[in-house]
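Student: Dropping the structure in here first, questions after.
The values are calculated or read from the model by the stated rules, or taken from the named source; none is laboratory data. Here the structure is a predicted model, which means the values were calculated and not measured. To get the accessible areas, we keep the full protein, side chains included, count just its heavy atoms, and leave off ligands, DNA and RNA. Shrake-Rupley method; radii C 1.70, N 1.55, O 1.52, S 1.80 Å.
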Amino acid sequence: QVGIRIVGSANNITANSATSRGFALRGNDTFIINNIISTPIGDEGAIDANGIWNTTVSGNSIYVNSSGGQVGIATQVTYNLNSTYNYIQVVQSGDSGFFIGSGNNITSENDIINISGTGVATAIIIGEGNLTVINTSFARNSVSFNDLLGGKNGTLTIKRYVTINASNYTLGGINGSNVEVYNRSFTLITNKTTNSSGITNRLILDEYIQNW
């Protein structure tokens with residue numbers, strides 16, 4: 001059972017409050033914006049995406065407190081899901097913020113996954129899916145790779161925002177300085193030019209990649 005089941009395509013679900021049951025996403029090109037979802041019980045995730053393409057989940061407050069394996073955002077056979085600026089609070093043991101069962105091009109950017117309570121909850125669980133996390137706040141020791149669905153092909157990529165400041169000995173910004181960024185193998189990743197304040201445009205760089 002779910003609170004709202006979304007089918008068809010080109011859906012825009014905005015500013016709703018759902019308790020006890022969450023949203024089941026079964027339609028493509030869907031926007032889930034600024035909702036409040038509280039799921040103390042339920043069979044699916046607070047936001048459960050299954051068999052869909054092109055989903056934006058942004059600005060939602062999601063509260064997971066079930067002690068029964070409940071999930072904030074869950075994906076199965078899902079592609080191009082972009083999660084941004086969501087607050088996900090996970091309380092009970094067995095619950096999790098993200099469960100990436102399967103799918104590709106799933107991104108969490110600027111989300112907050114807050115683990116509270118006394119139980120052992122998990123911020124991110126990955127099965128066969130691929131999740132890229134950009135500047136999202138979560139406990140680094142709260143990631144699990146899980147083969148509940150029989151697959152062992154999951155990948156977690158962590159990226160961070162980086163700006164670089166080039167200054168002279170008086171701490172004045174150096175305009176037009178070329179800044180090169182290399183990985184640990186000394187392969188050039190990118191290069192940027194500083195502005196009049198000596199600062200580059202924001203970079204999004206890999207911090208680490210973990211496979212199953």
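Student: If amide hydrogens are placed 1.01 Å from N in the peptide plane, which non-local residues have theirs closer than 5 Å to the one on residue 18?
Tutor: 36, 37, 38
Student: Write down the accessible area per residue of segment 1-102 in Å², having rolled a 1.4 Å probe over the full set of protein chains.
Tutor: 39 Å²
Student: So what are the ³J(HN,Hα) numbers for segment 181-192, from phi and the Karplus equation (6.51, -1.76, 1.60; θ = phi - 60°), rounded to whole Hz, Gly and Pro as x?
Tutor: 10, 10, 8, 5, 8, 6, 8, 5, 8, 6, 9, 9
Student: May I ask you to rank 192, 159 by accessible area, largest first, using a 1.4 Å probe over the protein chains only?
Tutor: Details: 192 70, 159 50 Å².
Result, largest first: 192, 159.
Student: Continuing with the same structure: In what order, largest first, do 53, 212 sit by accessible area if the probe radius is 1.4 Å?
Tutor: 53, 212
Student: Starting from the eigenvalues of the Cα gyration tensor, five times each then square-rooted, give me the equivalent ellipsoid semi-axes of the chain, largest first, whole Å.
Tutor: Semi-axes from the Cα gyration tensor: 35, 19, 17 Å.
Student: How large, in percent, is the carbon and sulfur part of the accessible surface of segment 5-132 at a probe radius of 1.4 Å?
Tutor: 47 percent
Student: Here's another thing I want to ask about it. What figure in square angstrom, to the nearest 10, would you give for the accessible area of residue 199 with a 1.4 Å probe?
Tutor: For residue 199, solvent-accessible area is about 60 Å².
Student: I'd like the projected area of segment 1-113, averaged over all directions, using the convex hull of its alpha carbons. Report it in nm² with one decimal.
Tutor: 5.5 nm²
Student: Could you run the Karplus curve 6.51 cos²θ - 1.76 cosθ + 1.60 with θ = phi - 60° over segment 74-82 and give me ³J(HN,Hα) per residue in whole Hz, x for Gly and Pro?
Tutor: Working through the residues one at a time gives 10, 10, 9, 6, 10, 10, 6, 9, 10 Hz.
Student: For segment 67-189, what does the equivalent ellipsoid look like in terms of its semi-axes, each the square root of 5 times an eigenvalue of the Cα gyration tensor, given largest first in whole Å?
Tutor: 35, 18, 12
Student: Sticking with this structure for a sec: Could you give each residue of segment 174-179 its phi-based ³J(HN,Hα) in whole Hz, using Karplus coefficients 6.51, -1.76, 1.60 with θ = phi - 60°, and x for Gly or Pro?
Tutor: Karplus values, whole Hz, x for Gly and Pro: 9, 7, x, 7, 8, 10.
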